[in-house]
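Structure record follows, encoded as structure tokens.
The values are calculated or read from the model by the stated rules, or taken from the named source; none is laboratory data. Just so it is clear, the structure is predicted and the values come from calculations on it, not from any experiment. Positions of Cβ are backbone-derived with ideal geometry, glycine not excepted, and every protein chain shown enters the neighbour counts.
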Amino acid sequence: MAEDTISAVITALGEGAVGIVRISGADALATAEKIFKSRSGKKLSEYQHHTLVYGHVTDADGTMVDEVLCVYMQAPHSYTAEDVVEIQSHGGIQSLKKILALTYQNGARPAEAGEFTKRAFLNGRIDLTQAEAVMDIIRSRSEASLKLAVRQQNGQLAQELRKLRSKMLDVVINLEAVIDYPEEDIEDVTFDTVAGSIANTAAGIENLLAHAHTGKILREGLRTAIVGRPNVGKSSLLNALLKEERAIVSEYAGTTRDVIEEQLLLDGVPLVLADTAGIRKTEDYVEQIGVEKSRRLLQDAELVICVVDGSEGLTAEDEEILQAASEKPCVIIVNKSDLEIDTTLQQLQKRFGIDKVMPLSARTNEGIDRFAAWLKNYVYGSEGTLSDGVYVQNARHEELLRKALQSLQDAQRAAQERLPYDCIVIDVRNAIDLLGEITGDTVQDEIINEIFARFCIGK
């Protein structure tokens, strides 16, 4: 455990019914007893730990600061696995600041960002995936992303990773036994059996990566760009999805000259939705800037919603935009379905597939439900909902899993090509270390510090 004692306000600063100051470390109890006076006159240490005690926080001269509830959580049965005291006061900024200042004056120092959770990790109460899940819970954008974060905090991902590491360790142990004792005929260890074991483990990693797309979207939101030429109804579609007049809609082409970005939860799917300027050739300098931004956004988007005017035939500008959109994951909206639609819909369905082209009226909202259903299938797969499996949400986890998979594939090829066992061991050990970086079993200090620096103060 860390030697020093830390404290911080762990509730959001501002006016509220309750605010909490947390003290953690070897001197947490001693620090709290210097400023907390129970109504009964008993010391906090005289109460059974994890008991909520009523009393007051007082200044050095005995002046009452606030009426509070105080609880002492004895190590290791606390969030940090250290001695912890939490003081629950009224949620005013001044009272919390005063109580916090008193903890500093009596033995504690200010907690760094994420330091409470970092101590929980360093003290072995949680692994690194569980620590990262804490912030995922706080930042959840949907019920589905909250579910995944809770699963990760409960250790679902870590358990799966440790199973895979155990399989790889078995391969290494068997191979090193053959390397160290070549005179022994270990029948269970052959190039074919080793290649099979590695392939089985690699399949487990591939299964985790199969859900990474969904997990990342639920955690961060799907970066989506609405593109099309001017006046096809892009801004009207944005307003229809948001169910509010966010973007200016006009009969005049080129009304939208800059990117309008909004966050939206559509049928449980979090979107980072951008309405772009109409893409066309123009002599207007300001509009040119907007068009260039639109082109860049199209390239960077994870999903492109390409809007065409269903009441008109396709123009050369439409064709250019459709070509660019087709190089990305995209869905084509044939807008203005409340008007008479020409052959555009059938033409596009024949070219791009009936499932990726759908009629819609941004004015009447007809077709919005169909688009939402398509989006759910795109994110969740054919099931259209969150399954019970393990989902990878974190970009760091995904990158390390892909590197581990590559190492295993290298090891499998080495086994198939009958290369020396030492070569196979090196690749498998590398994969073991990479999975250990995800859970924190083999991670370096600088990476740990970088991860927890992203946390907020008080967590």
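Of the residues screened, LEU435 is not one that is out of contact with any strand residue (DSSP E or B) (no Cβ under 9 Å at 6 or more places or on another chain), assigned to a loop (DSSP other than H, G, I, E, B) and either loosely packed, with under 15 Cβ neighbours inside 10 Å or in the same structural domain as VAL172 (by TED's automatic domain parsing) (or both). Could you grab me the full set of residues in segment 80-102 that are crowded, with 21+ Cβ neighbours inside 10 Å and among the polar types (S, T, N, Q)? Residues satisfying the conditions are THR80, SER89.
Select from segment 324-368 the residues that are assigned to a loop (DSSP other than H, G, I, E, B) and of a type in the set (Val, Ile, Thr) and write down the one among them that is modelled with the lowest pLDDT.
Filtering segment 324-368 down to residues assigned to a loop (DSSP other than H, G, I, E, B) leaves 327-329, 336-343, 353, 361-367.
Retained after the next criterion (residues that are of a type in the set (Val, Ile, Thr)): 341, 343, 364.
Working: ILE341: 69, THR343: 63, THR364: 89.
Selected residue: THR343.
Among the residues of segment 11-21, is any outside any loop (DSSP other than H, G, I, E, B), under 18 Å from ARG125 (Cβ atoms) and in contact with an Asp or Glu (Cβ under 8 Å, 6 or more places away or on another chain)? Talk me through it step by step, then tell me what you get.
Residues of segment 11-21 that are outside any loop (DSSP other than H, G, I, E, B), as a first pass: 18-21.
Still in the list and also under 18 Å from ARG125 (Cβ atoms): none.
No, that holds for no residue.
For segment 193-217, name all the residues that are farther than 27 Å from GLN263 by Cβ and among the hydrophobic types (A, V, I, L, M, F, W, C). VAL194, ALA195, ILE198, ALA199, ALA202, ALA203, ILE205, LEU208 - these are the residues of segment 193-217 that are farther than 27 Å from GLN263 by Cβ and among the hydrophobic types (A, V, I, L, M, F, W, C). Cβ-Cβ contacts under 6 Å between residues 6 or more apart (or on different chains), taken from a first residue in segment 433-449 that is farther than 15 Å from ASN394 by Cα and free of Cβ contacts under 8 Å to residues at least 60 places away in the same chain to a second residue that is part of a loop (DSSP other than H, G, I, E, B) and not aromatic (Phe, Trp, Tyr), are listed as ASP433/THR442. The residues in segment 116-159 that are more than 22 Å from GLY458 (Cα to Cα), surrounded by fewer than 22 Cβ atoms within 10 Å (Cβ to Cβ), modelled with pLDDT of 90 or more and in contact with a helix residue (DSSP H, G or I) (Cβ under 7 Å, 6 or more places away or on another chain) can be counted, and the count is 1. Candidates in segment 261-282 are the residues that are farther than 18 Å from SER142 by Cβ and buried (at least 18 other Cβ atoms within 10 Å of the Cβ); of these, the one that is modelled with the highest pLDDT is ALA274. When restricted to residues that are in a loop (DSSP other than H, G, I, E, B) and touching a residue at least 24 places away in the same chain (Cβ under 8 Å), segment 52-108 contains 17. Number of residues in segment 118-176 that are over 23 Å from ALA411 (Cβ atoms) and of a type in the set (D, E, K, R): the value is 11.
Would you be able to tell me the number of residues in segment 381-425 that are in a helix (DSSP H, G or I) and touching a residue at least 40 places away in the same chain (Cβ under 8 Å)? Qualifying residue count for the region: 18.
For segment 53-77, a residue qualifies if it is closer than 17 Å to THR11 by Cα and under 34 Å from the mean Cα position of the chain (by Cα), and the qualifying residues are CYS70, VAL71.
One residue stands out in segment 28-51 among those that are over 40 Å from the mean Cα position of the chain (by Cα) and in a loop (DSSP other than H, G, I, E, B): the one that is surrounded by the fewest Cβ atoms within 10 Å (Cβ to Cβ), namely GLY41.
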